[in-house]
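Take a look at the structure set out below.
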Amino acid sequence: MAQTCPATKTEKILLSTDGSEYSDVAVSEAIAIAKRAGGSLVVISVVPSESESPFDIVHSEMQKGLIADKELSEAEKNVKKVKGLAEEAGLTVKGFIYAGRPYDAIVETAKDERADLIIMGSHGRTGISRLLMGSVAERVIGLTECAVLVVKS
């Protein structure tokens, strides 16, 4: 007799975005899965920094000056774009911008938000960021307690 695996729970999906082509594909996938499952979406964008732990930039005026305005603006734009697309699809969505080590921010947010599934692109923007994103995905897979879907373009 064939044994079936239980379906992965997808009531709350955490999506990490950086605006790259890989991230855009992950956005489409996350919205489609959340819509099919009747779930909600938590979208985050992480601005890499030397910080030891992730923190919510919106509530940390003291650290805001350490982060390049361009990177912060890009992160805000990415989260706003995804929130708009998710809301158009009829989803409940929350958005956050963090600074710190991307994998820490993703894992901690998944834990804090009790995410059932993390969806992220396989690589980041370009150059060294692209190489680092691969290691971010590997670390997230190794450190989180929930399922992770790494999307390729």
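The values are calculated or read from the model by the stated rules, or taken from the named source; none is laboratory data. Keep in mind that this is a model prediction, so the values were computed, not measured. Positions of Cβ are generated from backbone atoms using ideal geometry, with glycine treated the same way; all protein chains shown enter the neighbour counts.
Could you list, in sequence order, all residues of segment 33-56 that are buried (at least 17 other Cβ atoms within 10 Å of the Cβ), more than 17 Å from the chain's Cα centre (by Cα) and modelled with pLDDT of 90 or more?
Matches in segment 33-56: ALA37 only.
State all residues of segment 19-32 that are more than 18 Å from LYS9 (Cα to Cα), over 12 Å from the mean Cα position of the chain (by Cα) and not hydroxyl-bearing (Ser, Thr, Tyr); if no residue qualifies, say none.
Answer for segment 19-32, where residues must be more than 18 Å from LYS9 (Cα to Cα), over 12 Å from the mean Cα position of the chain (by Cα) and not hydroxyl-bearing (Ser, Thr, Tyr): GLU21, VAL25.
Residue by residue through segment 107-137, note down the ones that are over 16 Å from ALA26 (Cα atoms) and at pLDDT below 90.
THR126, GLY127, ILE128, SER129, LEU131, LEU132, SER135, listed by residue number.
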